[in-house]
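See structure below.
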Amino acid sequence: MTTNYCLLSSRNCLKETDKVIHSVEYFAPSCQMKRKRMEQAERSVLVSCNSRTTEKKFLKYLSRHGDIKKHFFYESYGIYAVVEFANRESITSLLERAAIPHNSPNQQFGQQCQPQTTPPINELIQRLSKEESIDQQIISLTEAYQLTEENSRLRFLVCSLLKDIAAAYFPECTIRPFGSSVNGFGKLGCDLDMFLDLDGISGRNLKMPKSGLSLEYQMKRANSERAVTQSILSVIGECVEQFGAGCVGVQKILNARCPLVRFAHQPSGFQCDLTANNRVAMKSTELLYLYGELDQRVRCLVFTVRCWARAHGITSSIPGAWITNFSLTVMVLFFLQKRSPPIIPTLDQLRDLAGPADKSVIEGNDCTFVSDFSKIPLHSNTETLEELLHGFFEFYSTFAFSRMSINIRKGKEQNKPEVAPLHIQNPFETSLNVSKNVNATQLDRFVALCQESAWLFQQIETNTPRGLGGNDTSTPWGLASILLPLNVAGVKSRKKKRHEPASERIKSLLESLKNKNHQKKS
Ligand code: GTP
Ligand code: MG
């Protein structure tokens, strides 16, 4: 007998289907959590559900190959299922019986699909307008945007699928997710950043004996490390393009500071960036995760500021002169360090709390910080989310961007070491500016929006709840009203501010096209 489903990999996961799952579990980039997720992914398969079959029959068929632990359905260019078996052998058995599927799209699975994207902004605004307080609005936005359990599983599964491809060249390699997929600040629909880890096989990080011969070998390798990374990504990129099921639009961006292969994985709907030899970014991911875990207000504020920035075109999905989500997150962290009392510690304080096992030096950069959260003393700041959001807008409305650099290592602004409109020190590679791509126009837009949002926040009509009673036509108020582009633009003209000239916008666009392939990561 043949199956009517299209298996997109030999790995998967799953979930009881009939309920809408709303998980507030966060996804630790800690080794233990990652190992669990990766192991789950290896017992899972991704299935394209093309047949006219019910869920019951689907599960009955698959369970012939072994016990199913979890499964869930989702939609992305068709209906897909992620199915986690109890044992890896089930996958071998299933693959032996798999055949090319019929192409007859079916909507029967539609009702049980788990959402994999955020609600459209209008829906979000309506939803927020019904909340009773600005704090509730911020929490509601965070809940609507954060990654779900299913989405996180799908991310690890895609890493696992890609590992199968990379293993053709590097049998013992691992592909690890980093960035917002695992740092606690990921929103549904965010890209999937992956890191090809070859340390286990290439001996890259092995300690060399101190003989002259080894030294020569080390130097040779040091000189060509970048070239090696480029060649590795080049061949993997080729494989992904030729053989990656559902991988389309493969671009090899090998001349960027951090070379990468970019592609869309259609079955999951993820935009993927694959890098190699990018350990500092893994450390930033862990640091961001740690900050998000220390106080629940951190994540809420980051989600809200990111959403606000996207709604007003401060951030963009196109690389260019815009502020990135990563820079914005660092700006929120800095602001929280500057509260009195501070809500989160500085990176230097986290380094001082580190134990011997936490020591980490990557390419000469000190990336040490404490991993045991219980050692971190917290202050008794009791500000509400509303106060903090308002405070964020006020803080950056008047920040001395022209002279000062944002520095989360010290938790204090420092004199700018170089000329750049916006200077945010890279927390680990301290001579770098994470926002060096940002031009003066984009920074001015950010500051103007902070001023306008701070002003709107103080107005009675903005901060009085109006949506009580759950009425569908509630007027936007509070956070909902500062997410409305027209509202903020309205303030701009009321205050007779200079509009950004068209020539500036065109200049930005041209710069973005020029930079597109060169400066994804700095
Ligand atoms: P979104 O994808 O926008 O949701 O956020 P992200 O945090 O995943 O950002 P992005 O995909 O751009 O980058 C992935 C990770 O690379 C970040 O989380 C950082 O750890 C790191 N990174 C991104 N941009 C920079 C940068 O400009 N400098 C440095 N040093 N690291 C960066
Ligand atoms: Mg990302």
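Some notes on this structure:
- Here T398 and F243 are evaluated by their C-beta separation; at R0 = 35 Å the FRET efficiency comes out at 0.05.
- Principal axis dimensions, largest first and in whole angstrom, of region 255-361 by Cα: 43, 37, 28
- Cα-derived Rg over Rh, computed across region 367-408 with Rh taken as Kirkwood radius: 1.11
- Neighbour-count order for M33, M282, M194, fewest beta carbons within 10 angstrom listed first: M33, M282, M194
- Likely footprinting exposure, I460, I376, I344, fewest C-beta neighbours within 10 Å first: I460, I376, I344
- For region 400-415, Karplus couplings with θ = phi - 60° (6.51, -1.76, 1.60), whole Hz, Gly/Pro x: 7, 4, 5, 10, 10, 10, 8, 9, 7, 5, 8, x, 8, 5, 10, 4
- Cβ-Cβ distance of V361 and V235, R₀ of 45 Å, FRET efficiency by 1/(1 + (r/R0)^6): the value works out to about 0.90.
- Counting neighbouring Cβ atoms within 10 Å and putting the fewest first, the residues Y74, Y169 line up as Y169, Y74.
- Length gained when the stretch A354-E383 is fully extended (0.36 nm per residue, less Cα-Cα span): 7.6 nm
- Taking region 124-200 and dividing mean pair separation by its residue count, relative contact order in percent (alpha carbons under 8 Å, at least six apart): 27 percent
- In this simple spin-label model, placing a label point 7 Å from the Cα along the Cα-to-Cβ direction at both K410 and N255 gives a separation of 3.6 nm.
- Residue separation of R97 and A227 scaled by 0.36 nm, minus their Cα-Cα distance, works out to 42.6 nm of gained length.
Values quoted throughout were computed directly from the atomic coordinates according to the rules given, and no laboratory measurement underlies them. Note that the structure is predicted; figures quoted are calculated from it, not measured. Methodologically, a virtual Cβ is constructed for each residue, glycine included, from the backbone with ideal geometry; neighbour enumeration extends over all protein chains shown.
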